[in-house]
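First comes the structure, then the notes that go with it.
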Amino acid sequence: MNSRGGFSGEYPHLVARNIGFRYTNIPQWIFRSIDMDVFPGEIVGLSGTNYLAKNILLRVVSGRERPAEGFVYCDGLPLSVNARSPVQLLSLRASKRIGAIESFLLQSRYLLIDEEPGGSECLHQSCFSAVRSSICESNAGLLISSQDTRFLSAICTRIVDFDRINQHVHDRSGLTRFILS
């Protein structure tokens with residue numbers, strides 16, 4: 001551990017370990033036991049059909065929500081809720097403007113882009129070719145959530161299938177756990 005309470009040697013990127021989220025007044029978990037990494041210069045797609053769970057995951061990974069369990073670190077330091085963060089969350093609608101993405105990349109180390117619920121996104125691969133070069137130049141990381149796997153396949157360096165990692169597995173105590181498979 002370094003003097004600022006971080007683990008800079010172990011996590012020189014955006015990392016979430018064993019994170020889970022549930023509302024305090026509801027016993028069911030939205031997700032649990034999720035591990036995720038986004039490295040500098042990487043464009044990661046987050047596919048899946050559960051918009052709410054993916055949205056909350058992005059809010060937790062960006063530091064806007066506190067996980068019920070687990071931790072999120074950015075470049076070795078823990079993310080704090082309500083603090084200025086090197087991780088920014090942007091809506092897909094706003095991200096359709098290249099200038100908005102490039103502006104956020106100047107201010108942030110990692111950018112998370114969230115899809116809009118229930119809509120066809122109408123994004124163009126050509127729109128993100130400029131973003132890809134900006135990410136490479138700035139050595140930033142991008143995590144983009146979308147149900148459109150064809151779009152994600154065209155622009156991302158790798159894709160994480162949230163439906164697959166959010167599988168229900170019962171342990172011996174009968175509790176539902178969500179695991180990365």
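The values are calculated or read from the model by the stated rules, or taken from the named source; none is laboratory data. From a predicted model like this one, the values you see are computed outputs, not experimental measurements. Cβ coordinates were reconstructed from backbone atoms using ideal geometry, including for glycine residues, and neighbour counts include every protein chain displayed.
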Checked segment 138-168 for anything part of a helix (DSSP H, G or I), modelled with pLDDT of 85 or more and of a type in the set (Val, Ile, Thr); matches are Thr149
The lone condition Gly41 fails out of (1) more than 14 Å from Leu111 (Cα to Cα); (2) surrounded by fewer than 17 Cβ atoms within 10 Å (Cβ to Cβ) is (1)
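Out of segment 43-52, which residues are in a helix (DSSP H, G or I) and under 18 Å from Leu152 (Cα atoms)?
Listed by number, the list holds a single entry, Tyr51.
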